[in-house]
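The values are calculated or read from the model by the stated rules, or taken from the named source; none is laboratory data. Bear in mind the structure is a predicted one, so any value in this text is a computation, not a measurement. Using ideal geometry, Cβ is built from the backbone for each residue, glycine included, and neighbour counts are taken over all protein chains shown.
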Amino acid sequence: MQQVIEGCILTPAGFVRGRLHHAQGRVVEVQGQAVTEAEAAATPGPWVLPGFIDLHVHGGGGHDTMAGAEAVAHIAHTHAQHGTTALLATTMTAPREEIEAALRDLAPACAQRPAGGAAVLGVHLEGPYLSPQRLGAQPDFACAARLEDVLALHALAPLRLITIAPEVPGHLELIVALRAHGFVVQIGHSAGSYEDGVAALAAGASGFTHLFNAMTGLHHREPGMAGAALAHARRAEVIPDLLHVHPGALRVALRCIPQLYCVTDSTAAAGMPDGEYRLGRHTVTKCLGGVRLADGTLAGSTLTMDQALRNLVGLGLSLAEASRRCATIAAQHLELNDRGQLCPGAWADVVVLDEQLHVQQVWAEGEQIAPAGQAAP
């Protein structure tokens with residue numbers, strides 16, 4: 001049986017005021033009249049956007065990705081309540097046996113979307129192949145990577161995105177090999193130079209992990225990894241909580257990187273009150289809107305993707321452009337043609353927002369999920 005969602009619907013061709021029909025988890029058709037965003041905003045009514053896609057999620061709702069099988073279902077549900085309909089479960093740097101155990105636990109959720117939650121598209125392996133000099137909040141278990149090690153981890157759960165510090169000996173050649181095996185590689189947690197960043201992009205790296213954070217910064221005589229990203233990258237992820245990156249730096253990145261996309265880098269503290277939470281092996285504290293280690297280092301975020309969208313619109317982006325950076329580009333980054341857009345045949349991953357851009361309805365693969373603070377449908 002078909003179900004219908006009414007409102008101003010963002011399609012690949014633009015906004016349509018009308019109805020979206022979906023059945024068996026897929027969009028069947030979109031009917032209505034094409035309108036501009038300004039015309040749509042002039043008439044009150046809900047906005048119907050592609051569900052958000054978050055490629056960097058460490059936790060949420062009090063649960064951490066490294067904690068086991070039960071945790072990921074809670075994480076997927078917490079983020080779905082805020083409009084995220086697909087995500088990558090993201091690991092922390094840890095001893096290999098801990099990463100292996102986490103991947104075994106994550107594998108079932110990657111194979112079957114948790115009921116009432118976002119689809120877990122796979123794993124973002126953020127560590128241990130990082131620079132010991134740019135760990136940020138990652139525990140001190142960084143090591144050099146070998147192709148056979150990565151393939152062994154991939155056999156436990158699907159690795160969809162791998163963060164690597166390219167200046168580590170052997171990693172530049174590894175990027176070439178990983179791309180040949182079909183992995184998406186990002187540059188991150190790097191003490192490398194501008195030249196290292198340019199070389200990594202030439203080797204096949206397709207973006208940067210949480211741009212500006214845990215990498216060498218931009219200086220006019222030493223452009224660093226951030227400079228390589230701004231000068232050459234087609235894609236990069238950024239955390240738009242307005243704490244990890246200053247609004248001015250966000251504006252610079254938006255001008256320089258055509259397909260800059262948003263992630264939350266969220267921790268177990270997302271969707272939870274102030275207090276102490278786990279982040280891999282670390283205890284972190286949520287207070288004053290952020291998450292920090294005991295020494296004050298930022299340790300992930302409390303951001304959800306609905307707030308990321310509102311922050312982008314607050315910076316002056318159109319709603320359509322903000323949506324593209326919270327859903328469509330991430331899907332394209334993983335070469336997913338059936339997510340991140342509302343068109344016939346795509347998954348019925350939908351977020352419905354009110355005039356203030358607060359979540360009113362969420363549909364993940366056609367399943368309706370109650371937003372945060374609302375009773376189940």
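Observations on the structure shown:
- When ALA152, ALA165, ALA137, ALA157 are checked against the criterion of being over 24 Å from PHE212 (Cα atoms), touching a Lys or Arg at 6+ places or on another chain (Cβ under 9 Å) and small (Gly, Ala, Ser), ALA157 stands alone in meeting it.
- Residue selection: VAL150 satisfies the criterion of being surrounded by fewer than 24 Cβ atoms within 10 Å (Cβ to Cβ), closer than 22 Å to ARG281 by Cα and of a type in the set (A, V, I, L, M).
- The stretch 153-197, residues that are among the small types (Gly, Ala, Ser) and in a helix (DSSP H, G or I): ALA177, ALA180, GLY197
- Some residue of the stretch 257-270 being farther than 30 Å from HIS232 by Cα and in contact with a helix residue (DSSP H, G or I) (Cβ under 6 Å, 6 or more places away or on another chain): no
- Inspection of the stretch 112-123 identifies no residue that is within 28 Å of LEU293 (Cβ to Cβ) and of a type in the set (D, E, K, R).
- Taken over the stretch 335-376, the residue count meeting the criterion of being among the polar types (S, T, N, Q) and either in contact with a strand residue (DSSP E or B) (Cβ under 7 Å, 6 or more places away or on another chain) or assigned to a strand (DSSP E or B) (or both) is 4.
- Residue-level check: of (1) buried (at least 21 other Cβ atoms within 10 Å of the Cβ); (2) in contact with a Cys (Cβ under 9 Å, 6 or more places away or on another chain), ASP274 misses just (1).
- Flag if ARG104 is among the basic types (Lys, Arg), closer than 30 Å to ALA372 by Cα, out of contact with any strand residue (DSSP E or B) (no Cβ under 7 Å at 6 or more places or on another chain) and assigned by TED's automatic domain parsing to the domain that holds HIS282: yes
- Of all residues in the stretch 314-334, those satisfying the criterion of being more than 14 Å from the chain's Cα centre (by Cα), part of a loop (DSSP other than H, G, I, E, B) and either in contact (Cβ under 8 Å) with a residue 12 or more places away in the chain or surrounded by 24 or more Cβ atoms within 10 Å (Cβ to Cβ) (or both) are LEU315, LEU317, SER318.
- Among the candidates GLN360, GLN259, residue that is among the polar types (S, T, N, Q), surrounded by fewer than 23 Cβ atoms within 10 Å (Cβ to Cβ) and under 30 Å from ARG179 (Cα atoms): GLN259
- Within the stretch 161-195, the residues that satisfy the criterion of being of a type in the set (Asp, Glu) and either farther than 20 Å from PRO132 by Cβ or surrounded by fewer than 22 Cβ atoms within 10 Å (Cβ to Cβ) (or both) are GLU173, GLU195.
- Selection status of ALA152, under 28 Å from ALA101 (Cα atoms) and touching a strand residue (DSSP E or B) at 6+ places or on another chain (Cβ under 7 Å): no
- Going through (1) surrounded by fewer than 24 Cβ atoms within 10 Å (Cβ to Cβ); (2) more than 30 Å from THR283 (Cβ to Cβ); (3) over 20 Å from the mean Cα position of the chain (by Cα); (4) at pLDDT 95 or above one by one, ILE9 falls short only on (1).
Every residue, every condition in (1) more than 19 Å from PRO12 (Cβ to Cβ); (2) of a type in the set (Asp, Glu), yes or no:
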residue: ARG325; (1), (2): no, no
residue: CYS343; (1), (2): no, no
residue: GLU355; (1), (2): yes, yes
residue: VAL362; (1), (2): yes, no
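- Members of the stretch 67-80 that are surrounded by fewer than 24 Cβ atoms within 10 Å (Cβ to Cβ) and either in contact with a strand residue (DSSP E or B) (Cβ under 8 Å, 6 or more places away or on another chain) or free of Cβ contacts under 8 Å to residues at least 12 places away in the same chain (or both): ALA67, GLU70, HIS74, HIS77
- Being outside the structural domain of SER206 (by TED's automatic domain parsing) and in a loop (DSSP other than H, G, I, E, B) is a property that does not hold for ASP295.
- Residue match in the stretch 241-254 (condition: in contact (Cβ under 8 Å) with a residue 12 or more places away in the chain and part of a strand (DSSP E or B)): no
- Some residue of the stretch 48-60 being surrounded by fewer than 24 Cβ atoms within 10 Å (Cβ to Cβ) and in contact with a strand residue (DSSP E or B) (Cβ under 9 Å, 6 or more places away or on another chain): no
- Test: residue in the stretch 216-236 that is among the hydroxyl-bearing types (Ser, Thr, Tyr), surrounded by 24 or more Cβ atoms within 10 Å (Cβ to Cβ) and in a loop (DSSP other than H, G, I, E, B): no
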